[in-house]
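S.K.: Here's a structure for you.
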Amino acid sequence: MIGLTSERITEELRSFSAKLAQGGQTLRDLGEIETGVSPREAVYQEDKLTLYRYQPRVAQPHPVPLLIVYALVNRPYMMDLQEDRSMIRGLLDAGLDVYLIDWGYPDAADRELSLTDYIHRYIDHCVDALRERCGQDAINLLGVCQGGTLSLCFSSLYPEKIRNLVTMVTPVDFHTPDNLLTHLIRHVNVDLLVDTLGNLPGQLLNFTFLSLSPFRLAGQKYVDLTDILDDAQALRNFLRMEKWIFDSPDQAGAAFRQFAKDFFQQNKLIKGEVNIGDRRVNLGNIVMPVLNVYAAQDHLVPPAASKALAECCGSRDYTEFSFQGGHIGIYVSGRAQREVPPAVAAWLLAR
Amino acid sequence: MTDQNSTAEPGLFDVELLLKQARAYLAFGEQIRQFAEQSPDAGAQPPDWDTTLRQHFDRFKAAVAQSTEDSNADPDLARLWTLTLESWQQAASSLGVSAIAPRADQSADGWRAYQQVQGEYLELLRQSAVAALDLMEQRLRERAAAGTVADSLRELFNLWVDCNEETYGRMLRGAEYSELSGRLLNALLGCCARGEPAS
């Protein structure tokens, strides 16, 4: 029936147990697991935020700096995970001058930080710092996931400061039928959550992401891990990713409250009803060239949620790039290294 | 200003995650081994293996039901399908809400209300797990009809994972799950609000 004898299964289980026992030593011998491999220096700091400049890899990098705005969720070293899996290195190799905002880890003192702080203060100050440092009226902006949504808001409010905008796996329409995160947050009492907890704990976010595919992400993955327990290099790669997955900063309460209610629950961005401070976000103000990069198999930000930008931004130079992979693969897969940074760089260098 | 890139000691990897799933895999293997022992020879006629397969999956489902009623009955088998609940309880625990009893400073009513919703959540997960076993049984029949046999226990485990993801995914996308998972978090927060908010 199943083609397996009791003896065969017993042998397979014995072999599995043996690998597991031997793997413990490999794990102990690994030493430090490094994440974030490209040399960089901090060029600006404010509160817990640090703005980094990555060391250029060409003699004369492009004069217009590229600022990467990562999501508030998870840590930005996903963009520079290891030497052969680094979107940042790919951008540097293409001749770009790359900067990145590291938001740090919000704590209880940051519970009142709002999207107004993140956009009108933090992003704006970083953009101004780069404009001054590089002697440019406008810089290039690359927003990743939620960082892309924040970048859209910023570009709408300060279009004169942005020369080109790249959005990557960025939600714009939060109410497409396949948006699982919206589906899960629909009935959550966000006010009760923030009023009770102050900040949104990273562990609750972890639960949400793992609950989208628990049998693969929390079960099968670890069973498969036994197959590489004798391979130190493969194990290091696994542990880098594992570290990133569980390295979830808490979310500043006030910012989370507005993002969850206005963007996820009420889909105000696409309706032109989001206010950041006392200013209204109108995506029609985004008139600079836009490159919208999405992942065709993205389970967190479905392509339709990203592609909605085409209909609501004001740019006459709007381009889409479809990556054949998922939300994580777009940063770390071999295909992503070959395709995404060169495409982004070529698009920017042509403008 | 200089930067020190992030480093992690290997000890930061939670080896218990690996060990728990390893034990669950061994429990799964034991279930399949029992089936293989009772299964007729590969050359048996369909009515024989059909009956054996049905009987085995009935026992498998009964074992799942038993692990619902008493998680200590076979915790490793229970872990095969309660991954989501376990992960949820860890998150709840980080907020100071125990799965076993309310803290002295927490309202017993709020805690009981939360337990009630958590019970509903567990039942939804159990239904999905049983549906996954039905689906796996169906897939095995289809494979047998096509003359396909499994090469390894891992292949059957992967089939079991695929079936669970399929039935779980259907449940996850349903309105009932959206409503219930929201209610679960709200009830948990109700517990916290009556006690001390986690910092």
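The values are calculated or read from the model by the stated rules, or taken from the named source; none is laboratory data. Everything quoted here is computed from the prediction, not taken from an experiment. Every residue, glycine among them, receives a Cβ derived from its backbone with ideal geometry; neighbour counts consider all protein chains shown. For accessibility, only protein heavy atoms count, side chains too; no ligands or nucleic acids. Shrake-Rupley method; radii C 1.70, N 1.55, O 1.52, S 1.80 Å.
S.K.: What pairs can you find where one residue is in segment A:6-24 and open to solvent by 50 Å² or more (accessible area, probe 1.4 Å), the other is not in a helix (DSSP H, G or I), and their Cβ atoms are less than 9 Å apart, with a gap of 6+ or different chains?
M.R.: A:R8/B:S152; A:K19/A:L229; A:K19/A:D230; A:Q22/A:L229; A:Q22/A:D230
S.K.: Which residue out of A:V188, A:V172, A:V194 is touching a residue at least 12 places away in the same chain (Cβ under 8 Å), open to solvent by less than 40 Å² (accessible area, probe 1.4 Å), part of a helix (DSSP H, G or I) and not polar (S, T, N, Q)? Working first, answer last.
M.R.: Numbers: A:V188 fails: part of a helix (DSSP H, G or I); A:V172 fails: part of a helix (DSSP H, G or I).
That would be A:V194, the only listed residue that is touching a residue at least 12 places away in the same chain (Cβ under 8 Å), open to solvent by less than 40 Å² (accessible area, probe 1.4 Å), part of a helix (DSSP H, G or I) and not polar (S, T, N, Q).
S.K.: Which members of segment A:257-270 meet the condition of being touching an Asp or Glu at 6+ places or on another chain (Cβ under 9 Å) and in contact (Cβ under 8 Å) with a residue 24 or more places away in the chain? Show your work before the answer.
M.R.: The first filter runs over segment A:257-270 and keeps only residues touching an Asp or Glu at 6+ places or on another chain (Cβ under 9 Å), leaving A:257, A:261-262, A:266-270.
Those that are touching an Asp or Glu at 6+ places or on another chain (Cβ under 9 Å) and in contact (Cβ under 8 Å) with a residue 24 or more places away in the chain: A:R257, A:K261, A:N267, A:L269, A:I270.
S.K.: Filtering segment A:281-315 down to residues that are outside any loop (DSSP other than H, G, I, E, B) and in contact with a Cys (Cβ under 8 Å, 6 or more places away or on another chain), which residue is surrounded by the fewest Cβ atoms within 10 Å (Cβ to Cβ)? If you could, list the steps in order and put the result at the bottom.
M.R.: Initial filter on segment A:281-315 (outside any loop (DSSP other than H, G, I, E, B)): A:283-285, A:290-295, A:303-307, A:309-312.
Narrowing the set further to residues that are in contact with a Cys (Cβ under 8 Å, 6 or more places away or on another chain) leaves A:283-284, A:290.
Numbers: A:L283: 22, A:G284: 12, A:V290: 24.
Going through the qualifying residues, I end up with A:G284.
Residues are listed down the side, and each one gets a yes or a no for (1) touching a residue at least 60 places away in the same chain (Cβ under 8 Å); (2) open to solvent by 20 Å² or more (accessible area, probe 1.4 Å); (3) more than 12 Å from every other protein chain (Cβ to nearest Cβ):
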{"position": "A:P39", "(1), (2), (3)": "no, yes, no"}
{"position": "A:A59", "(1), (2), (3)": "no, yes, yes"}
{"position": "A:I68", "(1), (2), (3)": "yes, no, yes"}
{"position": "A:L91", "(1), (2), (3)": "yes, no, yes"}
{"position": "A:L96", "(1), (2), (3)": "yes, no, yes"}
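S.K.: With respect to A:L225, determine if the residue is facing another protein chain (nearest Cβ under 7 Å), closer than 21 Å to B:S94 by Cβ and not hydroxyl-bearing (S, T, Y). Lay out the reasoning, then the answer.
M.R.: Numbers: facing another protein chain (nearest Cβ under 7 Å): yes; closer than 21 Å to B:S94 by Cβ: no; not hydroxyl-bearing (S, T, Y): yes.
No: the conditions fail for A:L225.
S.K.: From A:Q203, A:Q220, A:Q233, grab the single residue that is in a helix (DSSP H, G or I) and away from every other protein chain (no Cβ under 13 Å). Explain how you work it out, then say what you get.
M.R.: On the way: A:Q203 fails: away from every other protein chain (no Cβ under 13 Å); A:Q220 fails: away from every other protein chain (no Cβ under 13 Å).
After applying the criteria, what remains is A:Q233.
S.K.: Further, regarding this structure: Any chance segment B:153-167 includes a residue that's in a loop (DSSP other than H, G, I, E, B), more than 7 Å from every other protein chain (Cβ to nearest Cβ) and either in contact with a Leu (Cβ under 8 Å, 6 or more places away or on another chain) or open to solvent by 10 Å² or more (accessible area, probe 1.4 Å) (or both)? Break it down stepwise before answering.
M.R.: So in segment B:153-167, the residues in a loop (DSSP other than H, G, I, E, B) come out as none.
Taking every residue of segment B:153-167 in turn, none turns out to be in a loop (DSSP other than H, G, I, E, B), more than 7 Å from every other protein chain (Cβ to nearest Cβ) and either in contact with a Leu (Cβ under 8 Å, 6 or more places away or on another chain) or open to solvent by 10 Å² or more (accessible area, probe 1.4 Å) (or both).
S.K.: Then there is this: Inside segment A:175-184, can you point out the residues that are closer than 19 Å to A:N292 by Cα and open to solvent by less than 20 Å² (accessible area, probe 1.4 Å)?
M.R.: A:T176, A:N179, listed by residue number.
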